[in-house]
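> Questions regarding the structure given below will be posed in turn.
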Amino acid sequence: MINLYGLTLDKLVELMLQEGQTKYRAKQLFTWIYEKGVTDFDEMSDISKAFREVLKEKYCLEKPKVFIKQIASDGTIKLLLEMEDGAKIETVLMRYNYGNVACVSSQVGCSMGCSFCASGLLKKQRNLLPHEMVGEILVLNDLLKESNERVTHVVVMGTGEPFDNYDNVMDFVRIVNDQKAFAIGARHITVSTCGIPDKIIKYGQEGLQINLAISLHAPNNELRNRIMKINKAYPLEVLIPAVKKYIELADRRVTYEYIMLKDVNDSLECAKELVELIKPTYAYVNLIPYNPVDEHGYQRAENSKVKAFMDYLMKHGVTTTIRKEFGTDIDAACGQLRAKNQRG
Ligand code: SAH
């Protein structure tokens, strides 16, 4: 069974042509699926009965099952979703004043091995397929429908490394962005990577206006090697030129994410090194308050340190923001709900 939620319009057209149907048929189907939100082929009244039978036999429109739903006092929704094969993944909805932001997982588990992250407590089992990532948005939209709302922004910042699942993530992003599907503007979509240079460049060549965030977290190789395993494969002298190339290709600014870890990377010396490192790139910095993960032993930096760090960056011409926190009364940190659940 092919799950039609995983197909971009181009791929659906290709499939319909293989089925002996027309391009128009693909567009009709796409409208039923996304504009009308129909999940039963029999409701697709302008499609012949004979072809509806073919659809029923070979294709499906299945969404993931909600295994656990947590709602925080600030309205954050955290879901543990169950896929067809029983794999569990996390999806989070954050309510910013500018919209409803879905934080989407791209893999089941993660093998990037960042030393501070809860997602890596469970190694990668497999990549998520486009229909599973689309399913994350569909389930959230179903929940939001009750209050006449929908997902307005998407960040691929849940469990997994999106650039280790590049093609599936790009199909997902295209479906999210498609005017005839979710119609979420490219500037409202962000993909976050721990830093895989060849994919960063490829992403720059896509001709999409989607945002790119780089999880930097350290301003030098010595420190980055210690906290992010990926830096050993792709050290800063390889990563930063790739980011520069991306900026040239896409003509877009990037965001560096930087988790503030107490006594690890929160000194003014680090701020100084960071400014030097990223100066040649056109970038923002987003300072992230650390969500403590019991197993890792890191602590969040003190507020005064975060403020001093930010002031230093701003004074040196780097636009800096501090990430707002959500859902602190539920298992909000990346991968925490899933890790807790699977450890029993
Ligand atoms: N693999 C991708 C996307 C998933 S992680 C990446 O590395 O960017 C999304 C962001 O959450 C990354 O910046 C990651 O470093 C950060 N993160 C991971 N664990 C965290 C924690 N415990 N507290 C705060 N941020 C965390």
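The values are calculated or read from the model by the stated rules, or taken from the named source; none is laboratory data. What you are looking at is a predicted structure, and each value in this text was computed from that prediction instead of being measured. Cβ placement follows ideal geometry from the backbone for every residue including glycine, while neighbour counts extend to all protein chains displayed. Heads up: the accessible areas ignore ligands, DNA and RNA and are worked out on the full protein's heavy atoms, side chains in. Shrake-Rupley method; radii C 1.70, N 1.55, O 1.52, S 1.80 Å.
> Testing MET170 on (1) touching a helix residue (DSSP H, G or I) at 6+ places or on another chain (Cβ under 7 Å); (2) hydrophobic (A, V, I, L, M, F, W, C); (3) within 26 Å of GLY99 (Cα to Cα), one condition comes back false. Which one is that?
The failed condition is (1).
> Please state which one of LYS279, LYS262, LYS315 is of a type in the set (D, E, K, R), at pLDDT 85 or above and within 16 Å of the ligand (Cβ to nearest atom).
Selected residue: LYS262, the only one of LYS279, LYS262, LYS315 that is of a type in the set (D, E, K, R), at pLDDT 85 or above and within 16 Å of the ligand (Cβ to nearest atom).
> Report, by residue number, each residue of region 152-192 that is crowded, with 24+ Cβ neighbours inside 10 Å and either free of Cβ contacts under 8 Å to residues at least 40 places away in the same chain or away from the ligand (no atom under 15 Å from the Cβ) (or both).
VAL173, ILE175, VAL176, VAL191
> Among the residues in region 195-206, are any of a type outside the set (Lys, Arg), in a helix (DSSP H, G or I) and within 12 Å of the ligand (Cβ to nearest atom)? Before the answer, list the steps.
Initially, region 195-206 is screened for residues of a type outside the set (Lys, Arg), giving 195-198, 200-201, 203-206.
Those still in the list that are in a helix (DSSP H, G or I) too: 197-198, 200-201, 203-204.
Applying the additional criterion that residues be within 12 Å of the ligand (Cβ to nearest atom) yields 200.
Yes, that holds for at least one residue.
> Tell me the residue from ALA250, ALA233, ALA213, ALA242 that is in contact with a strand residue (DSSP E or B) (Cβ under 7 Å, 6 or more places away or on another chain), under 26 Å from PHE172 (Cβ atoms) and of a type in the set (A, V, I, L, M, F, W, C), please.
Every option except ALA213 fails the conditions.
> With respect to the numbered conditions (1) open to solvent by 30 Å² or more (accessible area, probe 1.4 Å); (2) under 21 Å from the mean Cα position of the chain (by Cα); (3) among the small types (Gly, Ala, Ser); (4) away from the ligand (no atom under 16 Å from the Cβ), which one is the sole condition not fulfilled by SER45?
(2)
> Can you tell me which residue is farthest from the ligand (Cβ to nearest atom) among those in region 207-219 that are under 17 Å from MET157 (Cα atoms) and among the aliphatic types (A, V, I, L, M)?
ILE210
> Checking GLU222 against (1) within 14 Å of the ligand (Cβ to nearest atom); (2) modelled with pLDDT of 95 or more, which test does it fail?
Among (1) within 14 Å of the ligand (Cβ to nearest atom); (2) modelled with pLDDT of 95 or more, the lone unmet condition for GLU222 is (1).
> Further question: Starting from region 109-125, take each residue that is open to solvent by 30 Å² or more (accessible area, probe 1.4 Å) and list its partners that are within 11 Å of the ligand (Cβ to nearest atom) and of a type in the set (S, T, N, Q), counting only C-beta distances under 7 angstrom and pairs at least six apart or across chains.
LYS123/SER111; LYS124/GLN107; LYS124/SER111
> Across region 1-21, what is the total count of residues that are assigned to a loop (DSSP other than H, G, I, E, B), at pLDDT 95 or above and under 27 Å from VAL173 (Cβ atoms)?
4
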